[in-house]
């Protein structure tokens, strides 16, 4: 046990107490070596201690793995980034026939397809779950026109996962196992609950940090969303995956998983995020791109039913840090942890100025809707507020997503909101496309305005 | 004389130590008192210990839960156990003999007397619930082991057919109906249907003996989910199981319900405990509806075991003693520790897990009628004269093609042991056999080539035309 591990563990223990995080694992990759520590418990119901080998849901960090599977197929010449999805997925369709014909693999990996991203449908626990999910997209409409802007798209990654299934003849789960986990020698990376249960597995916690945190009654989202966010892994394995990317696509034993060109392409700029304060400034292929004080990082966050994960990779120093948690004020904890660990100055946390500017609220008022999410923005007592109503499966699973937010002005078109019990502010960004259509960007998603000046229902 | 909670704990500690299994969890109801005990490690991957509320796969004990559910349909008049099951599911042909298939009833499924050779069949199937239907084509081709309604031969697939009948009747699945009609009325909080639910709680995983007295954790948590009805999906605790068993002891009343809330009528609970079909060995053991029964000196106990990858679950009620027992050992070699547990908790017997009473070896019995090759869908039994002239050599050969998704290295090993006659129709293993205790093979249907049927492990196998390889 090195001094580093002991110090990390003590620090992590102190942090989880302060931020009301039930349990966490933290790993640091430096000079090719991984140090991992744990603190707290897997569940406040069972009180089973978290250990470094405990598996947590890494959520959307999974998307970088799915993107890696796609890039392996690109390396193998099975498809190109600009291959239309219909060419590799016969029968693929979304509601918009033009998008059906022209959406490409690149659009899926860069969240620019405009296909409604939060379609949560349970297609069962069988090997055909992703296939059946993609079939259900035939009725799904656009959040925005193809290529017009950026809106976080989970459904697009399930489509990408289905492409992997069709081209490899494997389930997405088997593809992760055989094409990434096995060559990297990962001992605790799984995608199904029946495999996670063989390990110490974290349980997510929902509720307000410091007040009402309790274990979730639904462990995971359905299998249909696998390629978008269902990997469950120990922190060591996530960093071993990052190490492969830092090494340009090679495993420590020399096995090549990706060409250097593909590994690099994943980190390169593809599209800007409309809201510069959201998370990172741009996207690569799967990877989110960050600029911290002039230093370039790539990474991804993950959020599931009460578990949150953070991965940041600093290529110029061959350093990566991964934090896996099961609830509480994880955004606050991430902030404090990574600022020190990456040894790079993080951007100042997003927050409204002490003296918020006076802003004309009228242009923003209205109803903004995408499938399953209605956001009503209205003025009340001279301030702007928004009410988010989440419908369908996600709304039932995570009722706390449906709530009212007070919006504090930061600048013209830019507001800040802070959920109850959280220490971090979230940005809400209003913008207009070239064709004049208005959008609200929140939670990395674009919401088109459907009614101007609507009163809340 | 009941075991107090601390005596039970001492006994469990002793049993785990003696047998070298990773761990065990037990709950008993004796003398109106509940006791639980837990010892050892529940998960060899993680080192987590067994706690009183550690969940585990209940395996085939599911059949008693499903029987309970089926009786609720009998009570409301929507299911008649003695109507041909094709009245409810016309497209289902259970067995290649079409005429016999038309006469099979749900009772024949519930007491394992249907005679269809499908016992441990695992086909390549989808996940539950769709995968249940994947069994239909194969079972329509299944050979006949015996005429129905004569003797019991353990048949898991009969329970898949029972679920199909339930689905056609109600339009709902076994999982849904059990939740509604049994689990919720009993107020059970820890009886769930998938790893996705079980993972929220402490859950044990199985293990297999490896070299040098160690155990290795199972690489696979559960058997294929399409076998939900025979018993591969339910994860429960000893406490929840005990509540279920106490309901049966109380003839269907919800225990501690404080009133007259019922899961079953008294008549239904008693019907499940009434012998309806005997084992080929004779009337001292067999099945009621779902329950296995064992009878000795006028006493009857009702029980069921449950297997999972690397795990042995067990449930027993003794109405004469107002006694119930629920237990789980996380080793494939869990039956001997469970046998010791039953001996400690139920000293008056009869223990369903007691090794067969072995009579004196009969040197006058002709071995020829035993010799030959017998088969059932997933196992071949080869019996040849023992090379040293002392009795016979029995070889049990698994047929893994019909065990899709349900094989493990130890499962596909050929087991071989010596056996000697102790009666005209019985061979008993001589030396180490299954998990350390003697195995009896019972033979029936004498014919020109020898006996036509051999019975072991609660299952019949029928003589094939071929001679056994030497």
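The values are calculated or read from the model by the stated rules, or taken from the named source; none is laboratory data. On a predicted model such as this, the values are computed, not experimentally measured, just so you know. For neighbour counting, all protein chains shown are included, and Cβ atoms are generated from backbone atoms with ideal geometry for every residue, glycine included.
Here are the numbers for this structure:
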{"read-out": "Residues (outside any loop (DSSP other than H, G, I, E, B) and more than 14 Å from every other protein chain (Cβ to nearest Cβ)) located in region B:165-175", "value": "B:165, B:166, B:167, B:168, B:169, B:170, B:174"}
{"read-out": "Residue match in region B:358-374 (condition: in contact with a helix residue (DSSP H, G or I) (Cβ under 7 Å, 6 or more places away or on another chain) and in contact (Cβ under 8 Å) with a residue 40 or more places away in the chain)", "value": "no"}
{"read-out": "Criterion violated by residue A:197 - all others in (1) more than 18 Å from the chain's Cα centre (by Cα); (2) within 14 Å of another protein chain (Cβ to nearest Cβ); (3) surrounded by 23 or more Cβ atoms within 10 Å (Cβ to Cβ); (4) in contact (Cβ under 8 Å) with a residue 40 or more places away in the chain satisfied", "value": "(4)"}
{"read-out": "Any hit, region B:400-409, residues being at pLDDT below 95, in contact with a strand residue (DSSP E or B) (Cβ under 9 Å, 6 or more places away or on another chain) and outside any loop (DSSP other than H, G, I, E, B)", "value": "yes"}
{"read-out": "Whichever residue in region B:176-218 is assigned to a helix (DSSP H, G or I) and within 11 Å of another protein chain (Cβ to nearest Cβ) and, among such residues, is surrounded by the most Cβ atoms within 10 Å (Cβ to Cβ)", "value": "B:198"}
{"read-out": "Count - residues of region A:103-130 that are under 22 Å from the mean Cα position of the chain (by Cα) and either within 14 Å of another protein chain (Cβ to nearest Cβ) or in a helix (DSSP H, G or I) (or both)", "value": "9"}
{"read-out": "Pair list, Cβ < 8 Å and 6+ apart or interchain, from region A:6-31 residues that are surrounded by fewer than 17 Cβ atoms within 10 Å (Cβ to Cβ) to residues that are modelled with pLDDT of 95 or more", "value": "A:13/A:39; A:13/A:40"}
{"read-out": "Failed condition for residue A:275, given (1) modelled with pLDDT under 95; (2) assigned to a helix (DSSP H, G or I)", "value": "(2)"}
{"read-out": "Test: residue in region B:301-316 that is at pLDDT 95 or above, farther than 26 Å from residue B:163 by Cβ and assigned by TED's automatic domain parsing to the domain that holds residue B:113", "value": "yes"}
{"read-out": "Hits in region B:375-402 - residues which are in contact with a helix residue (DSSP H, G or I) (Cβ under 7 Å, 6 or more places away or on another chain) and in contact (Cβ under 8 Å) with a residue 40 or more places away in the chain", "value": "B:377, B:378, B:383"}
{"read-out": "Residues located in region A:354-400, provided they are touching a helix residue (DSSP H, G or I) at 6+ places or on another chain (Cβ under 7 Å) and more than 30 Å from residue A:133 (Cα to Cα)", "value": "A:377, A:384"}
{"read-out": "Scan of region A:90-100 for residues that are surrounded by 14 or more Cβ atoms within 10 Å (Cβ to Cβ) and assigned to a helix (DSSP H, G or I), ordered by number", "value": "A:99, A:100"}
{"read-out": "Hits in region A:231-251 - residues which are farther than 17 Å from residue A:52 by Cβ and touching a helix residue (DSSP H, G or I) at 6+ places or on another chain (Cβ under 7 Å)", "value": "A:231, A:245, A:246, A:248, A:249, A:250, A:251"}
{"read-out": "Residue tally, condition touching a strand residue (DSSP E or B) at 6+ places or on another chain (Cβ under 7 Å) and under 18 Å from residue A:190 (Cβ atoms), over region A:214-239", "value": "11"}
{"read-out": "Entirely in region A:370-457, the strands (runs of 3 or more DSSP E) that have 1 or more residues that are over 24 Å from the mean Cα position of the chain (by Cα)", "value": "A:373-380, A:383-390, A:403-411, A:426-432, A:438-442, A:445-452"}
{"read-out": "Single residue of region A:182-191 satisfying the filter (within 11 Å of chain B (Cβ to nearest Cβ) and crowded, with 19+ Cβ neighbours inside 10 Å) that is nearest to residue A:221 (Cα to Cα)", "value": "A:190"}
{"read-out": "Answer from A:352, A:409, A:363 - the residue that is modelled with pLDDT of 90 or more, surrounded by 14 or more Cβ atoms within 10 Å (Cβ to Cβ) and out of contact with any strand residue (DSSP E or B) (no Cβ under 7 Å at 6 or more places or on another chain)", "value": "A:363"}
{"read-out": "One residue from A:451, A:420 being in contact (Cβ under 8 Å) with a residue 24 or more places away in the chain, within 28 Å of residue A:216 (Cβ to Cβ) and exposed (fewer than 14 other Cβ atoms within 10 Å of the Cβ)", "value": "A:420"}
{"read-out": "Helices (runs of 4 or more DSSP H) fully within region B:89-164 counting 3 or more residues that are touching a residue at least 40 places away in the same chain (Cβ under 8 Å)", "value": "B:106-110"}
{"read-out": "Condition check for residue B:461: assigned to a loop (DSSP other than H, G, I, E, B), buried (at least 19 other Cβ atoms within 10 Å of the Cβ) and either modelled with pLDDT of 95 or more or in contact with a strand residue (DSSP E or B) (Cβ under 7 Å, 6 or more places away or on another chain) (or both)", "value": "no"}
{"read-out": "Single residue of A:202, A:233 found to be at pLDDT 95 or above and within 11 Å of chain B (Cβ to nearest Cβ)", "value": "A:202"}
{"read-out": "Unmet requirement for residue A:56, which otherwise passes all of (1) under 22 Å from the mean Cα position of the chain (by Cα); (2) surrounded by fewer than 24 Cβ atoms within 10 Å (Cβ to Cβ); (3) within 14 Å of chain B (Cβ to nearest Cβ); (4) over 28 Å from residue A:370 (Cβ atoms)", "value": "(2)"}
{"read-out": "All positions within region B:30-43 that are crowded, with 24+ Cβ neighbours inside 10 Å and either away from chain A (no Cβ under 14 Å) or in contact with a strand residue (DSSP E or B) (Cβ under 6 Å, 6 or more places away or on another chain) (or both)", "value": "B:37, B:42"}
